[in-house]
Amino acid sequence: MKLKPWLRENKNMSYSEYQALPEMHRYDIYNEFIKYNQHLQKKAKLGWRPMTEEEKKWADEVSEKERKRYLLNSQIGGLDERGNYTALHHR
């Protein structure tokens, strides 16, 4: 992303307002812009995209199964005093 559109979207200021700021403030804003761009580049490199509704539904089902398993194991003694799960054959 370029600096001018980023200023408009995230800082609600024009480029001329940015140029009128003292150098230290411009430096801070520019560093924030660089960090934002690096974040976007990392996401793009990893192939990041938002989850689809189907993926969200699947993730919710998996987390619900894991929660039920955790609760069941805690009831039958599968968790020690620190909260770590121990398999039945290791107890």
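The values are calculated or read from the model by the stated rules, or taken from the named source; none is laboratory data. This is a predicted model, so every value here is computed, not measured. Here the Cβ positions follow ideal geometry from the backbone for every residue, glycine too, while neighbour counts run over all protein chains shown.
The residue list Asp80, Asp60 contains one member that is out of contact with any Leu (no Cβ under 7 Å at 6 or more places or on another chain) and at pLDDT below 90, which is Asp80. Contact annotation: no residue pair with Cβ atoms under 8 Å, 6 or more positions apart or on different chains, pairs a residue in segment 25-47 that is outside the structural domain of Glu9 (by TED's automatic domain parsing) with a partner that is at pLDDT 90 or above and basic (Lys, Arg).
Kindly check whether there is at least one residue in segment 1-9 that is outside any helix (DSSP H, G or I), among the charged types (D, E, K, R) and at pLDDT below 85. Outline the logic, then answer.
Residues of segment 1-9 that are outside any helix (DSSP H, G or I), as a first pass: 1-2.
With among the charged types (D, E, K, R) added as a condition, the list becomes 2.
Imposing the further condition that a residue be at pLDDT below 85 reduces the set to none.
The answer is no; no qualifying residue exists.
Screening Lys42, Lys57, Lys68 for residues that are in a helix (DSSP H, G or I) and within 30 Å of Arg82 (Cβ to Cβ) leaves exactly one candidate, Lys68.
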